[in-house]
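Accompanying notes for the structure given below.
The values are calculated or read from the model by the stated rules, or taken from the named source; none is laboratory data. Since this is a predicted model, take the numbers as computed values, not measurements. Every residue, glycine as well, gets a Cβ built from its backbone with ideal geometry; the counts of neighbours run over all protein chains shown. Side chains included, ligands, DNA and RNA excluded: accessible areas come from the protein's heavy atoms. Shrake-Rupley method; radii C 1.70, N 1.55, O 1.52, S 1.80 Å.
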Amino acid sequence: MRTRVILDAPSNLGLRPPAPGTVPGCYKLAGALREQRIVQRLGALEGGVVVPPRYDRGDWREGGGVFNAAALAAYTVKLADRIERHVRAGEFPVVLGGDCSIQLGASLALRRLGRYGLAAVDASADFRHPGNSERIGAAGGEEMALATGRGQDDLTNLEGLRPYVRDEDVRLFGNRDEFEDDRSELAALKIPVVTVGDIREWGPDALARATAQAFEIPELDGFWVHLDADVLDPSVMPAVDSPDPDGLLPDELVALLRPLLGSPHCVGLNVTIYDPDLDPDGTAGALLADIVVSAFAES
């Protein structure tokens, strides 16, 4: 078994403020999961913290591109440096966010090392970009587009490595069935989307095993797993910024994650979006920690 390393990436730079004068609380995710003893329960090493810049949108206005862009670019490089170090050492980084923009740090790190796939488990595709939306701004809802090279150069072409992930190397899981517009564009790009309905029809274990096998091709050096807590149904995970109905249940998510994380070709995981500010009794955070720990257990 590869050595797991817990690394905190408590960035909220990619989300809009939940209310004027406030900041998104997902930067507390790592601390909340640590309170659930996730390091000890995973038998992981301590990887420390990659401290993000201050959340400050300044005088940004709608139409001004991605807010916090300079801070996001700097943080992506800083986080990539740490992730790259662990992957090169043969370790398995478990990165605790943070909003979904931290996935750019992982994608940049792996792009430096070769060609890697990405399995994104998320309620939405996070594929908003200038070609399909006039409301660009929050990188946490745009990171998949940015990672595949769509959007402003200062985020999509760091170190001249655009795209960090190729379209054909992306797999999306857990999108809500009603997001038809997202799926039509992605289908045209040949980016597979497995909805909640698909998962229930075909079975999470079977789909995940097929995906892990699909990543076992000579052209790929491995793959990364991105987990957004909003893939879960709000009945069990209300503590997210967009609690869309009809999501996965805990057992379904564990069954989906386990074959992916258990693949020898999987090189790391990041966990995002859970907001402890929306979970005063810690119930949802405890559940998320249980899911991550169970997903690493041998089947």
Quiz item: Taking a label point 7 Å from the Cα of Ser242 along the Cα→Cβ vector, which residues of region 253-295 have an amide N closer than 16 Å to it?
Solution: 272-275
Quiz prompt | Interchain or long-range residues, amide H under 5 Å from Asn175's placed H | solution = Asp122, Val194, Val196
Quiz item: To the nearest 0.05, what FRET efficiency results for Glu219 and Ala188 with a Förster distance of 22 Å applied to their C-beta separation?
Solution: 0.50
Quiz prompt | Heavy-atom accessible area per residue - region 1-147, 1.4 Å, Å² | solution = 38
Quiz item: How large is the helix-only mean residue ellipticity at 222 nm for the chain, computed as the sum of -39500 (n - 2.57) over DSSP H runs with n ≥ 4, divided by its residue count, in deg cm²/dmol to the nearest 500?
Solution: -10000 deg cm²/dmol
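For region 166-239, which GluC sites (Glu not before Pro) pass both filters: DSSP loop (anything but H, G, I, E, B) and at most 16 other C-beta atoms within 10 Å?
Glu178, Glu216, Glu219
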Exercise. Choose one answer from Leu158, Leu269, Leu189: the residue with the largest mean-square fluctuation in a GNM of the chain with alpha-carbon springs under 10 Å.
Key: Leu189
Quiz item: So what is the orientation-averaged projected area of the chain, using the convex hull of its C-alpha atoms, in nm²?
Solution: 13.8
Quiz item: How large is the charge dipole for region 103-245, taken about the Cα centre, if only the Cβ atoms of Lys, Arg (+1) and Asp, Glu (-1) carry charge, to the nearest 20 debye?
Solution: 460
Self-check item: Point-to-point label distance, Thr22-Arg200, nm (Cα→Cβ direction, 7 Å offset)
Solution: 3.1
Quiz item: Taking R0 as 35 Å, what's the FRET efficiency between Asp251 and Thr3 from their Cβ-Cβ distance, rounded to 0.05?
Solution: 0.80
Quiz item: Just from the alpha-carbon atoms, what are the Rg and Dmax of region 135-197 in angstroms?
Solution: 12.5, 39
Practice problem: Give the carbon-plus-sulfur fraction of the accessible surface of the chain in %, rounded to a whole number; probe 1.4 Å, heavy atoms of protein chains only. | Solution: 50
Quiz item: If you take the C-alpha gyration tensor of region 195-295, multiply each eigenvalue by 5 and take the square root, what semi-axes do you get, largest first, in whole Å?
Solution: 26, 15, 11
